[in-house]
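The values are calculated or read from the model by the stated rules, or taken from the named source; none is laboratory data. Bear in mind the structure is a predicted one, so any value in this text is a computation, not a measurement. Cβ sites come from the backbone with ideal geometry, for glycine too, and all protein chains shown count toward neighbours.
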Amino acid sequence: MISVFGSASSTTGHASRRELLTIGALGLGGLSLPGLLRAEQAAGIRTSHKAVIMIYMVGAPPHQDMYDLKMDAPAEVRGEFKPINTKVPGVQFCEHLPKLASIADKLIPLRSVHGSPSGDHDSFICYTGRTVQKQPPGGWPSLGSTVSKVLGGSNASVPPFVGLAPDAGHPPYGSPGHPGFLGVAHGAFRPSGPIRENLAMNPSNAAHLSDRMGLLKGFDRARSDLDTKGAFDGLDAIRHRSLELLTSSKIGEALDLSKEPLAVRERYGKGDPKNYGDGAPRNLEHFLMARRLVEAGARVVTLNFGRWDFHSNNFSECKNTHFPWFDHGMHALITDLHDRGLADDVAVVAWGEFGRTPQINKDAGRDHWPQVGGGLLAGGGFKTGQVIGATDRTGGTITRRPVHFGEVHATLYHHFGIDPHAVTLPDFTGRPHYLVDDWKALPEVI
């Protein structure tokens, strides 16, 4: 395996195609088309750094136990949690989300999210706004990859798209969002493991710069061996981006939480850095890291939180293992963005791939329910302090204002100043595609 310093496991010292795939997955690239860059500049996007932090709630949380409690439903539907009042009159959250309730005026609960076609576990719809069925050649790209392609980086030393998720036992649970037909140049930069220590240029690792240059030469040597059409488009972008990242300490500093005052680190807390089962960690430091990354210049940061697939013991799992830390981390992030004057420039969305069944099963759990789920929006200069959508008395059917995943994605593109129906990107065959399907940005929030 080739390292970030460029040393190779092979005796020849040349990077293999497989090793290039691994390096490419780091997302060390992201140059936009000149015409799109000019359009961005004309729109004034580069004068104010817009960003999105997306929290993927791995495995799908129980929407009716968080922001849409059903106290008039039968006991086998409503469960054991009680509602509490929030900062917004008439809006109630679960009693185990008191910190989020205290800042409900800064939030937009989505009670009617739909679009998951099958109820299969996959982060894909959260990251793309589309389903895995009927994809174009190369596959649909995620929000982060699309923004990387269209806008490029706002800072040469910071990747435009960063994914904080570690690998998970169930691969979609550890996905930061895939680049699809945009190719590895626009994949997420994933600062996990030893790479974090290698990113900062300091006296102890500066001697490896020549090895890093050797890594870039390895890209050139491998070009003739690449045989996957489109997957390695933009390899020059990776090459130049790699050098910019590896010779700059800015990304390393953004990932170094010791740079934050102790009071701020304590405000976020630590959580648990270990994966929960086959899911993601409940790592509260990732919330702080996400804020530092967008402040440093990242445009899209994804983080994966927990493992919410509670087919059994739903209420004890929520109450004891997930709600308290999610409540704490989200509260810390959103209030910190407001305190720093970043709430208009940084949009936050937290959601899972579908909802949970109204009926509580024999194991005190809730099963998959693709008909409706929930989520939270915050920041972005959005009109917060309102609830969008409603469900029936069991939480199983949408009764008012369905919200498709694609509408939220259209809203996030609008936040970036991108018209998703004006920009097209070609798949591996050259066929152009708009950034979303027929969905438009949520008029309620913009």
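Which one is surrounded by the most Cβ atoms within 10 Å (Cβ to Cβ), of the residues in the range 393-419 that are assigned to a loop (DSSP other than H, G, I, E, B) and among the polar types (S, T, N, Q)?
Of everything passing the filter in the range 393-419, Thr394 is surrounded by the most Cβ atoms within 10 Å (Cβ to Cβ).
For Pro160, are the conditions met, namely being within 17 Å of the chain's Cα centre (by Cα), under 23 Å from Leu288 (Cα atoms), buried (at least 24 other Cβ atoms within 10 Å of the Cβ) and not hydroxyl-bearing (Ser, Thr, Tyr)?
yes
Test Ser142 against the criterion of being at pLDDT 95 or above, closer than 19 Å to Leu303 by Cα and in contact with a helix residue (DSSP H, G or I) (Cβ under 8 Å, 6 or more places away or on another chain), and give yes or no.
yes
Tell me the residue from Ala422, Ala390, Ala441, Ala378 that is of a type in the set (A, V, I, L, M), surrounded by fewer than 19 Cβ atoms within 10 Å (Cβ to Cβ) and in contact with a Ser or Thr (Cβ under 8 Å, 6 or more places away or on another chain), please.
Ala390
Which condition number does Ala165 fail, the rest of (1) aliphatic (A, V, I, L, M); (2) within 17 Å of the chain's Cα centre (by Cα); (3) part of a loop (DSSP other than H, G, I, E, B); (4) more than 25 Å from His49 (Cα to Cα) being met?
It is condition (4) that Ala165 fails.
Pairs needed: first member in the range 407-425, closer than 23 Å to Gly389 by Cα; second member anywhere, aromatic (Phe, Trp, Tyr) and modelled with pLDDT of 95 or more; C-beta distance under 7 Å; at least 6 residues apart or different chains.
Qualifying pairs under 7 Å: Glu407/Trp439; Ala410/Trp439.
For a quick check of your reading of the model, give me the residue pairs whose first member lies in the range 128-157 and is at negative phi and charged (D, E, K, R), whose second is crowded, with 18+ Cβ neighbours inside 10 Å and outside any loop (DSSP other than H, G, I, E, B), with beta-carbon atoms closer than 7 Å and at least 6 apart or on different chains.
Filtered contacts from the range 128-157: Arg130/Gly406; Lys149/Leu182; Lys149/His186; Lys149/Leu425.
Does Ala332 meet the test of being touching a helix residue (DSSP H, G or I) at 6+ places or on another chain (Cβ under 6 Å) and in a strand (DSSP E or B)?
Considered against the rule, which asks whether it is touching a helix residue (DSSP H, G or I) at 6+ places or on another chain (Cβ under 6 Å) and in a strand (DSSP E or B), Ala332 comes out as no.
Which residue is surrounded by the fewest Cβ atoms within 10 Å (Cβ to Cβ), if the candidates are limited to the range 338-375 and must be without any contact (Cβ under 8 Å) to a residue 40 or more places away in the chain and not basic (Lys, Arg)?
Here the residue is Gly341.
Among the residues of the range 296-312, are any out of contact with any strand residue (DSSP E or B) (no Cβ under 8 Å at 6 or more places or on another chain), modelled with pLDDT of 95 or more, part of a loop (DSSP other than H, G, I, E, B) and buried (at least 20 other Cβ atoms within 10 Å of the Cβ)?
yes
Any residue in the range 350-357 that is assigned to a helix (DSSP H, G or I) and aliphatic (A, V, I, L, M)?
No, the range 350-357 contains no residue that is assigned to a helix (DSSP H, G or I) and aliphatic (A, V, I, L, M).
Check whether at least one residue in the range 138-153 is surrounded by fewer than 18 Cβ atoms within 10 Å (Cβ to Cβ) and touching a Ser or Thr at 6+ places or on another chain (Cβ under 9 Å), and report yes or no.
There is no residue in the range 138-153 that is surrounded by fewer than 18 Cβ atoms within 10 Å (Cβ to Cβ) and touching a Ser or Thr at 6+ places or on another chain (Cβ under 9 Å).
What number of residues within the range 113-160 satisfy the criterion of being part of a helix (DSSP H, G or I) and under 30 Å from Ile398 (Cα atoms)?
7
Results for (1) of a type in the set (Asp, Glu); (2) within 17 Å of Phe405 (Cα to Cα); (3) within 24 Å of the chain's Cα centre (by Cα); (4) surrounded by fewer than 24 Cβ atoms within 10 Å (Cβ to Cβ), shown as yes or no for each residue.
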site: Ala51; (1), (2), (3), (4): no, no, yes, no
site: Met66; (1), (2), (3), (4): no, no, yes, no
site: Glu76; (1), (2), (3), (4): yes, no, no, yes
site: Lys82; (1), (2), (3), (4): no, no, no, yes
site: Thr86; (1), (2), (3), (4): no, no, no, yes
site: Asp105; (1), (2), (3), (4): yes, no, yes, yes
site: Val113; (1), (2), (3), (4): no, yes, yes, no
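Assuming Thr429 fulfils every condition listed in (1) out of contact with any Pro (no Cβ under 7 Å at 6 or more places or on another chain); (2) surrounded by fewer than 22 Cβ atoms within 10 Å (Cβ to Cβ); (3) in a loop (DSSP other than H, G, I, E, B) apart from one, which condition is it?
Evaluating Thr429 over (1) out of contact with any Pro (no Cβ under 7 Å at 6 or more places or on another chain); (2) surrounded by fewer than 22 Cβ atoms within 10 Å (Cβ to Cβ); (3) in a loop (DSSP other than H, G, I, E, B) leaves (1) as the failure.
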